[in-house]
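Colleague: I'd like to ask some things about the structure below.
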Amino acid sequence: MKKPSDTALIGWDIGGAHVKAARIDDGQVSGVVQVACPLWQGLDKLDAAVAEALVALGTAPCHAITMTGEMTDLFDARADGVAGIAQRMRSALAGDITLYAGRAGWAEVDEARVRAEDIASANWLATAAWIATRLPQSLLADVGSTTSDLIVIDGGVATTSRSDADRLISGELVYAGVVRTPLMALAPAIDFKGRRHRLMAEYFATTADVWRLLGELPEHADQYPAADGGAKTSEASARRLARMIGRDVAEGSMDDWHALASAFADAQLDALVDACRTLPGIAALAPDAPVVCAGAGRFVAARLARALGHPAVTLGELIADLAPDCADEATTCAPAVAVALLAEGGR
């Protein structure tokens with residue numbers, strides 16, 4: 001545990017599936033942690049995740065919070081979720097707390113409900129706003145466990161989107177992550193052994209199985225049970241993939257299942273490339289503008305950069321001077337790091 005500090009600040013990104021936190025000491029990112037948090041099961045899950053994060057990072061006198069967890073079906077409405085999460089965080093944390101309210105600046109906990117429209121699901125904006133201070137023209141591609149954020153930066157954040165609904169329309173939010181996304185969400189059909197198979201609309205496998213089978217999924221990124229509750233091995237992932245096309249694993253070799261995983265990976269990439277075509281500001285993006293790759297699926301973001309013909313840089317490379325000992329973790333937990341840095345810069 002970190003020692004208490006009179007100047008430390010912790011940035012929090014409260015999601016529906018994970019809590020991410022980043023600690024800043026003397027202007028440097030000194031620790032970053034991600035904790036599984038199935039918020040849809042109850043606010044006690046948030047309590048437990050925050051407590052675990054504090055054990056890893058230590059206490060701090062100041063906290064800056066952004067969130068997306070208000071979208072979980074635990075809450076009847078997003079404003080209820082924003083207010084509920086804010087109040088719960090105030091109970092869990094000692095010290096001063098401020099809520100990131102996007103373009104509207106910062107908000108107090110007691111303002112959470114009335115300012116919910118600005119606070120809700122603004123974590124992507126925190127990341128993009130911080131990147132804009134270092135790369136005035138770029139494309140943020142934060143590919144997480146569940147979703148992908150695609151944001152053009154051109155002298156600032158090049159979008160007027162305010163909500164998840166806005167970003168679903170514009171292509172800036174794609175429900176295609178590298179762990180929790182059901183494979184039936186990626187495509188209606190897939191090729192296997194030269195034949196087109198319509199997919200079973202069942203929760204038999206997820207993108208974690210795809211990227212595990214391809215050898216690219218970091219072990220620490222997969223914090224949830226597999227779709228069938230089974231093992232997290234290549235063989236078990238192959239069995240789950242086979243189910244998606246109505247087959248048993250014995251009906252193909254491991255090379256066949258690897259090829260099927262590659263086909264699903266291509267389908268995910270196609271979805272991201274397609275979304276990029278409609279992004280606000282994309283037409284003005286210079287050919288040499290880099291794609292800033294973030295999230296647990298930064299390797300997918302790098303594939304996207306190649307597909308778009310742009311250079312790629314990880315958030316960790318961009319932030320190496322501020323997070324020399326935890327740049328990789330900072331890349332995974334970009335919004336938590338960004339909201340901490342933005343709050344630190346405003347003190």
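Colleague: Can you name every one of the helices (runs of 4 or more DSSP H) wholly within region 100-202 that holds 2 or more residues which are modelled with pLDDT of 95 or more and closer than 16 Å to V291 by Cβ?
Modeller: 123-132
Colleague: Then there's this: Is it the case that A208 is within 28 Å of A49 (Cβ to Cβ) and crowded, with 20+ Cβ neighbours inside 10 Å?
Modeller: Yes.
Colleague: Which of the following residues is of a type outside the set (K, R), open to solvent by 60 Å² or more (accessible area, probe 1.4 Å), over 17 Å from T127 (Cα atoms) and out of contact with any helix residue (DSSP H, G or I) (no Cβ under 7 Å at 6 or more places or on another chain): D76, D25, D80?
Modeller: Just one listed residue meets the conditions, D76.
Colleague: Still on this structure, I have one more. All but one of (1) touching a residue at least 60 places away in the same chain (Cβ under 8 Å); (2) among the polar types (S, T, N, Q); (3) within 26 Å of P38 (Cα to Cα) hold for T278; which doesn't?
Modeller: (3)
Colleague: Taking the condition of being modelled with pLDDT of 95 or more, assigned to a helix (DSSP H, G or I) and closer than 16 Å to V179 by Cα, how many residues in region 218-243 meet it?
Modeller: Qualifying residue count, region 218-243: 6.
Colleague: Looking at region 207-261, which of its residues are within 18 Å of G144 (Cβ to Cβ) and of a type in the set (D, E)?
Modeller: D209, E216, E219, D222
Colleague: Looking at (1) hydroxyl-bearing (S, T, Y); (2) surrounded by fewer than 22 Cβ atoms within 10 Å (Cβ to Cβ); (3) farther than 25 Å from K45 by Cα, which is the only condition T98 fails?
Modeller: Condition not satisfied by T98: (3).
Colleague: Any chance you could count how many residues in region 205-217 are of a type outside the set (V, I, T) and closer than 14 Å to R180 by Cβ?
Modeller: Selection size over region 205-217: 6.
Colleague: So, one more: Residue by residue through region 281-314, note down the ones that are in a helix (DSSP H, G or I) and either without any contact (Cβ under 8 Å) to a residue 24 or more places away in the chain or open to solvent by less than 10 Å² (accessible area, probe 1.4 Å) (or both).
Modeller: Result: A283, V300, A301, A302, L304, A305, R306.
Colleague: Can you confirm whether region 133-141 contains a residue that is farther than 23 Å from G42 by Cα, among the hydroxyl-bearing types (S, T, Y) and open to solvent by less than 20 Å² (accessible area, probe 1.4 Å)?
Modeller: There is at least one residue in region 133-141 that is farther than 23 Å from G42 by Cα, among the hydroxyl-bearing types (S, T, Y) and open to solvent by less than 20 Å² (accessible area, probe 1.4 Å).
Colleague: When the residues of region 211-255 are narrowed to those that are of a type in the set (V, I, T) and in contact with a Leu (Cβ under 9 Å, 6 or more places away or on another chain), which ends up most open to solvent (accessible area, probe 1.4 Å)?
Modeller: Per the stated criteria, the residue is V249.
Colleague: Filter region 103-134 down to the residues that are in contact (Cβ under 8 Å) with a residue 40 or more places away in the chain, under 16 Å from G84 (Cβ atoms), in contact with a strand residue (DSSP E or B) (Cβ under 8 Å, 6 or more places away or on another chain) and not polar (S, T, N, Q) and list them by number.
Modeller: I119, A120
The values are calculated or read from the model by the stated rules, or taken from the named source; none is laboratory data. In this text, all values refer to a predicted model and were calculated from it rather than measured experimentally. Counting neighbours? That spans all protein chains shown, and the Cβs are built from the backbone with ideal geometry, glycine included. Just so you know, the surface numbers come from the protein's heavy atoms only, side chains and all, with ligands and any DNA or RNA stripped out. Shrake-Rupley method; radii C 1.70, N 1.55, O 1.52, S 1.80 Å.
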